[in-house]
Amino acid sequence: MLYVFHHFGRDLPDYNQLADYDPPTVTRVHAGDGRLLVEYATEKRVYVPVQAIPRRVVNAFLAAEDKNFYQHPGIDFVSVARAVVTNLANLGKSRRPVGASTITQQVAKNFLLTNEVSIERKIKEAILAFRIERTFTKDRILDLYLNQIYLGFGSYGVAAASLNYFNKSLDELTIAEAAYLAALPKAPNNYHPIRRPEAALSRRNWVIGRMVQDRRISVEDAEIAWGQPLKVYQSDPTEIVQADYFVEEVRRELAKVYGDAALYQGGLSVRTTLDPRLQRTAERVLRDGLIAYDRRHGWRGPVSRLAREALEGGPMIWQAALAEVEPPGGMSPWSFAVVLSSDKAEARIGLAGGRQGHIPMAELAWARPWLKGQKVGKKPGKPSDVLAVGDVVMVEPATSTDDKKPYGADAYGLRQIPDINGGLVALDPHTGRVLAMSGGFSYEQSQFNRATQAYRQPGSAFKPFVYLAGLDSGFTPATIILDAPFVVDQGAGLGKWKPANYTKKFYGPTPMRVGIERSRNLMTVRLAQTIGMERVVEYARRFGIVDDMPPLLSMALGAGETTLLRLTTAYAMLVNGGRRIDPTLIDRIQDKFGQTVYRRDQRACAHCRDEWSGQAAPELPDERAQVADPGSAYQVVSMLQGVVERGTGRRIRSVGKPLAGKTGTTNNGADTWFMGFSPDLAVGVFVGFDEPAGLGYKETGSSVAAPVFRDFMAGALENQPAIPFRIPGGLRLVRLNVDTGRLARPGDKKVILEAFKPGTVPSGEQAVIDGGYNPLSGEPASGTSGLY
């Protein structure tokens, strides 16, 4: 025996590694309300400490696998002797040898050895079992065993098996159910409850009998358990919130901070900031907005065509041919259909499964042929102008026309996946918590997140930060700025830069407010010239829009590239009073033991865990840095509210709640934006082609992005009270003529309440900002060389 222990005990695996064993478990990511977003795992394992496993479950496994577990030193010599006698008696009977492995030996095999059937492996297993017993407590060994063992149905560990077989947690299992799980370790497939129900039932009843023999249950309990049928129950479908782009951003962040091993095996519990209601709204309105734009710009043709022979071969043939057409990404929830025939009123179509339907002419009226430059051809007069027999197209059930008259049964509408794409972000302006994020039409179609990964020019959506810099420099919303031709000589060989308004017109001296409400480019450039581009660059950096913006006047019109998330965060800092926030997707992370390893809000709160007995909620310190004067920030908010009331964002007024925002359109209409907010919700929308190209005639942020913003706010603020924008202390509200920027007089029609800082209310004629000198200091404007 000493020789055997010496010979086989050399070069054995280090059993001390079991002390640090951390079984791979599922990481779960949850929405802000606790609903599941996604699971990450290499093995579907649920770790439960042995102290939390019900005693009836432990007793069932001890009865089935190792009744003397708490008495033997790693090897059960009585069981070994019994196995030897049994195996000798079975010699020549073609029966599998009977084993006598203890739970400790199984731990040694499962963790440190292979499944090789040999005497050498059994000796090594026994040696390791002795060593493990001297090093670890019995409970630690049992903990390793019950959480590592494979029990079939893709279940690693007893907790996962309990859910997969019976749709129950461990503490809900009956004796019969616990006995069945304890019957599985030797060979789960041999006792499959569906494929081999008789063997499974027999094995379960054997375990129950062993529990009675070992006095772990009473005879009465055993009789009840024996009488129960063996039934497995499909797990309840887990309600999963769809937020693919958001979830992928969270996954990237977790992998970056904790690594892939912790993400896929660490059993983390991640509570995110996502609001499922707002996320559903974001997904819906962005998708609808992209489809609406795409339909305005025509029909690009069928997905594929079936050969005439397939159609003439009958339903079985064309069904088979239709099933072979590769569906494009983003097609869900639409279906494929093949055009079988058409007349003046409708096109007859065939769908999967042999069903047939029709596309009424009213559902084809939008399908003008697409032309280069996002133009469209002649309006179709009959279905054959759009569809030909054999065309494979995408369709969706349609119930009525625009005037709500029913089509009849089996009516479908023609659909196509938009060429254009976009993104939407909604966040809490006071905390930076991202409440909703959609990065495109379909994650299946493209995993590129246009909310976080697409760097595009914001165009006029950047202008509020130029005006904010002007307000912090001493100007007011009533300051008069010249709207007139502006030319800058860019230097030798570079030509002259001649910015222009969208309308190609000039409007003369105009109040600052009107400049932002009507998105006047020339006024913005003159203001930037007057205060100096260095100051504008500083505000772009301070608000996190662009980190290293070159001090060029074109940057004042939004030529610097940024992302939707960064720009939305900057707008949030306007409405929150000029306080710095950082966008965040994760509120809290706990490890598998329930210990918090990360918390977004690190502010100390001495009384937050006190038992509530009617006292006031504890007040937390506001640690956000001030990045802009609160008065100036509100003045910008007020002017952006004017954009919605009277300016380029008038489409938003129909929401009927206090809202503010700004459109953005770049040269040639390649990028369109609408950025805005309510007092407690900041939202940004971007729409454009992935390969930058013009969106077509008269397509701007007002016509493309603003409707998406409007529909999102209508859903988000539904049944919410109308909350006015908060006015910081120290401002004075004065009645002002919005068109002239002068104090209102009796009889004036366009009168508003304008906010002014102390000592800045206009009292008479004002100097006009023309870009040549600063009327506040009387000094030449910064960088006026080459200005005409």
- A 1.4 Å probe over the protein heavy atoms gives the chain a carbon and sulfur accessible-area percentage of 51
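Helix-only mean residue ellipticity at 222 nm, the chain, DSSP H runs n ≥ 4 weighted -39,500 (n - 2.57), per residue, nearest 500. What is it? Kindly include the intermediate steps, with their values, before the conclusion.
Working: 21 runs with 245 residues, N = 788.
When only DSSP H runs of four or more count, the value is -9500 deg cm²/dmol.
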- Taking +1 at the Cβ of each Lys and Arg and -1 at the Cβ of each Asp and Glu, which of Ala60, Gly493, Pro237 sits farthest along the dipole of the chain towards its positive end, judged by Cα position relative to the Cα centre? Gly493
- Note on the structure: Ignoring ligands and nucleic acids, Trp206 exposes an accessible area, probe 1.4 Å, in Å² to the nearest 10, of 100
- Whole-percent pair-distance distribution, where bins are 10 Å wide, for the alpha carbons of the chain: 2, 11, 16, 16, 15, 14, 11, 8, 5, 2, 1, 0
- Quick one: length gained pulling Phe506 to Asp288 fully straight, 0.36 nm per residue minus the C-alpha distance? 74.8 nm
- Quick one: accessible surface of Ser438, probe radius 1.4 Å, all protein chains present, in square angstrom to the nearest 10. 0
- Message: Defining a contact as two alpha carbons under 8 Å apart and six or more residues distant in sequence, what relative contact order in percent does the chain show?
- Response: 12
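Using Cα pairs under 8 angstrom and six or more residues apart, how large is the relative contact order of region 124-241, in percent? Don't skip to the answer; put the middle values down first.
Working: 113 pairs, mean separation 26.8, N = 118.
Worked out over region 124-241, it gives 23 percent.
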- Message: I need the phi-derived Karplus couplings for region 149-164: 6.51 cos²θ - 1.76 cosθ + 1.60, θ = phi - 60°, integer Hz, Gly and Pro marked x.
- Response: 4, 8, 10, x, 6, x, 9, 10, x, 5, 5, 5, 5, 4, 6, 6
- Message: I'd like the FRET efficiency for Ala606 and Asp582, computed as 1/(1 + (r/R0)^6) with the beta carbon distance as r and R0 of 30 Å, rounded to 0.05.
- Response: 0.75
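What's the whole-number percent of alpha carbon pairs in region 150-252 lying beyond 22 angstrom?
38
If I take R0 = 30 Å and measure r between the Cβ atoms of Ile317 and Ala365 in this structure, what FRET efficiency does the formula 1/(1 + (r/R0)^6) give, to the nearest 0.05? List each step's numbers first, then the result.
Numbers: r = 32 Å, r/R0 = 1.07.
Efficiency, rounded to the nearest 0.05: 0.40.
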- Item | Residue (of Thr27, Val525, Pro621) at the positive-pole extreme of the chain, dipole from beta-carbon charges | Val525
- Task: Measure off 7 Å from each Cα along the Cα-to-Cβ vector at Tyr455 and Asp22, then give the distance between these two points in nanometres to one decimal.
- Result: 3.5
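Charges only on Cβ, +1 for Lys and Arg, -1 for Asp and Glu: so what's the dipole of region 223-365 about the Cα centre, in debye to the nearest 20? Before the final figure, lay out the partial values.
On the way: 17 positive and 19 negative charges, 81 e Å.
Once rounded to the nearest 20, the dipole reads 380 debye.
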- Query: Under a straight-distance cross-link criterion of Cα-Cα below 17 Å, which aspartates and glutamates are reachable from Lys749, leaving out those fewer than 8 residues away in the same chain?
  - Reply: Glu645, Asp739
- Inter-probe distance in nm under a simple model that places probes 7 Å from Cα toward Cβ, at Ala616 and Lys749: 4.9
- Task: Run the quick spin-label model on Asp547 and Lys372: label points 7 Å from Cα toward the beta carbon, then report their separation in nm to one decimal.
- Result: 4.0
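Where does the charge balance sit around Arg603 when Lys and Arg score +1, Asp and Glu -1, over other residues with C-beta under 11 Å from its C-beta?
Working: positive: Arg599, Arg600, Arg624; negative: Asp601, Glu619, Asp622, Glu623.
Taking every Cβ under 11 Å from that of Arg603, the sum is -1.
Using the reciprocal of the averaged 1/r over all distinct C-alpha pairs, how large is the Kirkwood radius of region 366-524 in Å?
Evaluated on region 366-524, it is 21.6 Å.
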- Message: What's the magnitude of the charge dipole for the chain around its Cα centre, counting Lys and Arg as +1 and Asp and Glu as -1 at the beta-carbon? Answer in Debye, nearest 20.
- Response: 900
- Message: At 1.4 Å probe size, what's the solvent-accessible area of Trp226? Round to the nearest 10 Å².
- Response: 90
- Query: Per residue and in cubic angstrom, what volume does the convex hull of the Cα atoms of region 447-545 have?
  - Reply: 136
- Report the calculated FRET efficiency for Gln447 and Asp214 (r = Cβ-Cβ distance, R0 = 56 Å), to the nearest 0.05. 0.50
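How long is the gain from Lys698 to Arg277 if the chain were fully straight, where each residue apart is worth 0.36 nm and the alpha carbon distance is subtracted? Each step should come with its number before you reach the end.
Details: separation 421, 0.36 × 421 = 151.56 nm, distance 3.32 nm.
Taking 0.36 nm per residue and subtracting the Cα distance, the gain is 148.2 nm.
Report, in listed order, any pair from Lys109/Lys168; Lys138/Lys231; Lys44/Lys168; Lys67/Lys124; Lys109/Lys592; Lys662/Lys757 with a Cα-Cα distance greater than 27 Å.
Details: Lys109/Lys168 29 Å; Lys138/Lys231 33 Å; Lys44/Lys168 16 Å; Lys67/Lys124 22 Å; Lys109/Lys592 25 Å; Lys662/Lys757 23 Å.
Listed pairs above 27 Å: Lys109/Lys168; Lys138/Lys231.
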- Task: Sum up the charges of everything whose Cβ sits under 14 Å from the Cβ of Lys378, counting Lys and Arg as +1 and Asp and Glu as -1, but leave Lys378 out.
- Result: +3
- Query: Could you give P(r) for region 675-745, binned at 5 Å from zero, as whole percent values over all Cα-Cα pairs?
  - Reply: 3, 11, 15, 13, 13, 14, 15, 9, 4, 1, 0
- Under a cut-off of 28 Å between alpha-carbon atoms, report the lysines in cross-link reach of Lys405, not counting same-chain residues fewer than 8 places apart. Lys344, Lys378, Lys379, Lys382
- Task: Scan the chain and hand back the longest stretch that contains none of the GluC sites (Glu not before Pro) lying in DSSP loops with at most 12 other Cβ atoms within 10 Å.
- Result: 325-610
- Note on the structure: Percent antiparallel among DSSP beta bridges confined to the chain, nearest 5, equals 90
- Note on the structure: Rounded to two decimals, the Debye log10 I(q)/I(0) of region 564-652 (Cα scatterers, no solvent) at q = 0.19, 0.20, 0.22 Å⁻¹ is -1.02, -1.05, -1.13
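Just need the Rg to Rh number for region 489-559, please, alpha carbons only, Kirkwood Rh.
Details: Rg = 13.1 Å, Rh = 13.3 Å.
Result: Rg/Rh = 0.99.
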- Task: Consider a paramagnetic label point 7 Å from the Cα of Glu239 along Cα→Cβ; state which residues of region 426-445 have an amide N under 20 Å from it.
- Result: 435-437
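How much length, in nm to one decimal, is gained on full extension between Ala625 and Val389, taken as 0.36 nm per residue of separation minus their Cα-Cα distance?
Values: separation 236, 0.36 × 236 = 84.96 nm, distance 6.52 nm.
Extending this stretch completely gives an extra 78.4 nm.
The values are calculated or read from the model by the stated rules, or taken from the named source; none is laboratory data. Remember, predicted model here, so these are calculated numbers, not experimental data. As a convention, Cβ positions derive from the backbone with ideal geometry for all residues, glycine included, and neighbour counts pool all protein chains shown. These area figures cover heavy atoms from the full protein model, side chains too; ligands, DNA and RNA do not enter into them. Shrake-Rupley method; radii C 1.70, N 1.55, O 1.52, S 1.80 Å.
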